[in-house]
Amino acid sequence: MTYLAKSPWIIHYDASSCNGCDIEILACLTPMYDVERFGIINTGNPKHADIFVVTGSINEANREVIQNIYNQMPDPKVVVAVGICACSGGVFRECYNVAGGIDKLIPVDVYVPGCAARPESIIDGIVTAWGILEEKLKNKVSSPMVSDHDHKAHHKHAQGGAQ
Amino acid sequence: MINIVWAIVFILVAPVVGGLVAGIDRKITAHMQGRVGPSILQPFYDVGKLFEKEQTVVNETQIFYAICYVIFMIFTGALFFAGGDLLLVVFALTLAQIFLVLGAFAANSPYSYVGAERELLQIMAYEPMVILTAVGMFVATKSFNVSDIASSTTPVILLIPGIFLGFLYVLTIKLRKSPFDISTSHHAHQEIVKGVTTEFSGPSLGLIEITHWYETVFLLGFVYLFFGFNPLIGVVAVIIVYLLEILIDNTNARVKWQLVVKSSWLIAAIVGMVNLAALYYLSGGVP
């Protein structure tokens, strides 16, 4: 067992979530669930984080932020999509401003469905992420640099865009 | 006078002790908040993990500054435990801290900049009191050498209780505890992303963690110096002081930097200076 699995630090980003899943993530940090007993820390800094926890779906405002956070995290890193909106877009997937789940933008390793996802299933998702982290460390997987270049070029082309 | 054995013991043992202290700190903090908390070996797991991670830096010089920070902190502690000159120890401590600030300034990042500026303010806030402590030790024991102060039979704490209180006040800043953790802090606390350590990641962040362990042991050694006349009382005092710091950390919210600088200078001026003046008066003038 590597040290990675004993000290997974997370960064949590709310991408157009209704806050339901975010409240459940914060509930994991409370004395009731206390994920710090597994060494999990909510860092708030992508450069210190190992696990990227995203809630909510992608829209025009947050796609750049998600990519920026993902690119800044040092390898090995894992993305956990929490809640059905992050997994597939959920009930908002047909909206004009929603592109869909997080996997439309960055590679997602663990899907935690639910509306809202329960703290137990979020913890389960993070525990699954440890295994993937270790695997990535063992195989020396280097994550791709994600970029939105095509998307932006498309918007420049179609005047006004879908803003 | 300089005892090289103690310096080597410090270099080898301090990271282990410092890491355990940090682990116990997290456990006690968790219990104070009604949580179970991580294993007391958690800080070692964290640092082990950081060395497994990729090294991503904005500017290569950041790594150089992080290494300088470790080296000068080890030098500070080793000189202290070897029984060297207390003034040189204080200056080396400042130099080590300045390397951390330079490392944070090396990355062109607004969060890192704010952290570095706040770290400078912290140095400004605690420095007068730390120097006054060294002066107080000299007035009490007639020596700047740590070996003489530690083996002195004078009950230093009874001669400079005011300076001891002032030192405890700035110790909260040095240990990065609330309410004075304005540049960066422990555990899951956040401060303007992560303050001075924002732009460090992977191994270089691990080095900074290890440096903090060295620093903790060195500072606890400093506390011991006040009780050098009786080792038993000294060790008990060190433990009580650290528990008190944990209690303060968990019962206080972070304050603004203005209050940190003002209050620590005020404390240094009042308790430190009054204590020194009283000592001069009682000993019948300048010794």
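Net charge near B:P110, counting Lys/Arg +1 and Asp/Glu -1 over other residues with Cβ under 11 Å of its Cβ?
The answer is -2.
With a ≥ b ≥ c taken as the square roots of the eigenvalues of the C-alpha gyration tensor of chain B, please select rounded if a/c is under 1.5 and otherwise prolate if a/b is larger than b/c or oblate if it is not? Present the calculation step by step, with values, prior to reporting the outcome.
Values: a/c = 1.58, a/b = 1.52, b/c = 1.04.
Verdict is prolate for chain B.
Take every DSSP beta bridge with both residues inside region A:3-157 and express the antiparallel ones as a percent of the total, to the nearest 5.
Details: 2 of 17 bridges.
Here the antiparallel bridges make up roughly 10 percent for region A:3-157.
Which order do peptides B:104-116, B:167-179 fall in by mean Cβ count within 10 Å, highest first?
So the peptides B:104-116, B:167-179, ranked by packing, come out B:167-179, B:104-116.
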- Note on the structure: Between the Cα axis of helix B:161-174 and the main Cα principal axis of chain B, the angle (0 to 90°, nearest 10) is 10
- Whole-angstrom gap from region B:1-32 to region A:40-104, using each part's C-alpha centre: 39
- Can you tell which of B:I67, B:L41, B:A107 lies farthest toward the positive end of the dipole of chain B, using +1 and -1 charges on the Cβ of basic and acidic side chains (Lys, Arg; Asp, Glu)? B:L41
- Give the span of region B:1-65's Cα atoms along each principal axis, as three whole-Å numbers ordered largest to smallest. 44, 42, 17
- Message: Give the average, rounded to an integer, of partner chain Cβ atoms located within 10 angstrom of each Cβ in B:46-59.
- Response: 5
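Helix-only mean residue ellipticity at 222 nm, the protein assembly as shown, DSSP H runs n ≥ 4 weighted -39,500 (n - 2.57), per residue, nearest 500. What is it?
One gets -18500 deg cm²/dmol as the mean residue ellipticity at 222 nm.
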- Query: Given the pairs B:K49/B:K177; A:K6/A:K140; A:K47/B:K27, which are separated by over 21 angstrom at their Cα positions?
  - Reply: B:K49/B:K177; A:K47/B:K27
- Nearest 10 degrees, 0 to 90: helix A:119-138 Cα axis against chain A principal axis: 90
- Query: Can you give the relative contact order of chain A as a percent, counting alpha carbon pairs under 8 Å and 6+ residues apart?
  - Reply: 25
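Give the average, rounded to an integer, of partner chain Cβ atoms located within 10 angstrom of each Cβ in A:42-54.
5
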- If a/c stays under 1.5 just call it rounded; otherwise compare a/b with b/c (prolate if a/b is bigger, oblate if not). Do that for chain A, with a ≥ b ≥ c from the square roots of the Cα gyration tensor eigenvalues. oblate
- Would you work out the relative contact order for chain B, in percent, from Cα pairs under 8 angstrom that are 6 or more residues apart? 26
- Query: Across the residues of B:202-209, average count of Cβ atoms on other protein chains within 10 Å?
  - Reply: 1
- Convex hull volume of the Cα atoms in the protein assembly as shown, per residue, in Å³? 144
- Which of B:S283, B:S39 has the fewest Cβ neighbours within 10 Å, and the rest in rising order: B:S283, B:S39
- Message: Quick check on region B:188-261: take the gyration tensor over C-alpha atoms, sort the square-rooted eigenvalues as a ≥ b ≥ c, and tell me if it's rounded (a/c under 1.5), prolate or oblate.
- Response: oblate
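Readers should treat all values here as calculations from the given coordinates under stated rules, not as data from a laboratory. Remember, predicted model here, so these are calculated numbers, not experimental data. Please note: Cβ atoms are built from the backbone with ideal geometry, for glycine as well, and neighbour counts cover all protein chains shown.
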